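Just so you know, all these numbers are worked out from the coordinates, no wet-lab data involved. Note that the structure is predicted; figures quoted are calculated from it, not measured. Here the Cβ is made from the backbone with ideal geometry for all residues, glycine too, and neighbour counts use every protein chain on show.
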Amino acid sequence: MNAQFIGLAAGIAAFASSAAHALDCGIMMDSMIASAKVPCVQTISIVAGPNIPPTVSRVVWTTKASFIESGGKWQKSPITMQSLIDQYNAIKKTAKMTCQQLADESIAGEAANVYAVQVDYMETLQKNKLWLSKKAGLPLKSVDDQGDGTIVTTSWDYKNVTPPPGVQ
């Protein structure tokens, strides 16, 4: 499975969990939709099992395009911010979700609300942890247990967003 899909699935899983409880999950839903409208860089680390080194990739989201880096090579992605929002909304309608607010933490010096989320979608159960910025209301980090031993960690950077040079 490619890193772009895993990262997208991780974001979708975190978003999809938002419908479970109006108070906590409503905040998460708003955050994930908002993040799909703001340029950012996602760093995605996938650990497929014990004693297997992580696979790390990055996705740069701009208002006009997205780019994925995997194995040191950049390419333009067919996924747009709007298609991401559309996918979030489609999954929201059919996934079974629960969520719980945990103790606040800090990510890279930024205060964050933390949520445990569980998503049952297409016969797959994922357990996730999501950190949302208290200041901006956007996701800062997620750790997603895919249920098969695979752990996907995604971090968001909203400050240093530069499309890769030379990639059209």
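Taking the beta-carbon count within 10 Å as an exposure proxy, list 80, 63 from fewest neighbours to most. Before the final figure, lay out the partial values.
Numbers: 80 16, 63 9.
Least crowded to most crowded, the residues run 63, 80.
Return 132, 102 ranked ascending by Cβ neighbour count within 10 Å, so the fewest neighbours appear first.
On the way: 132 27, 102 14.
Ascending number of Cβ neighbours within 10 Å: 102, 132.
Of the listed pairs 96/129; 92/134; 73/129; 96/159; 37/134; 96/135, which have alpha-carbon separations greater than 25 Å here?
Numbers: 96/129 16 Å; 92/134 23 Å; 73/129 29 Å; 96/159 34 Å; 37/134 18 Å; 96/135 29 Å.
Too far apart for the 25 Å limit: 73/129; 96/159; 96/135.
Mind giving me the nanometre distance, one decimal, between the label points for residue 159 and residue 33, set 7 Å out from Cα along Cα→Cβ?
Modelled inter-label distance: 2.9 nm.
Of the peptides 45-57, 147-159, how do they stack up when ordered by the mean number of other Cβ atoms within 10 Å, highest first?
Details: 45-57: 13.0, 147-159: 16.0.
The packing order, highest mean first, is 147-159, 45-57.
Kindly provide the GluC sites (Glu not before Pro) of region 98-151 that DSSP labels as loop, not H, G, I, E or B, and whose Cβ sees at most 11 other Cβ atoms within 10 Å. Before the final figure, lay out the partial values.
Numbers: sites: 105, 110, 123; in loops: 123.
Those that pass, being in a loop and sparsely packed, are 123.
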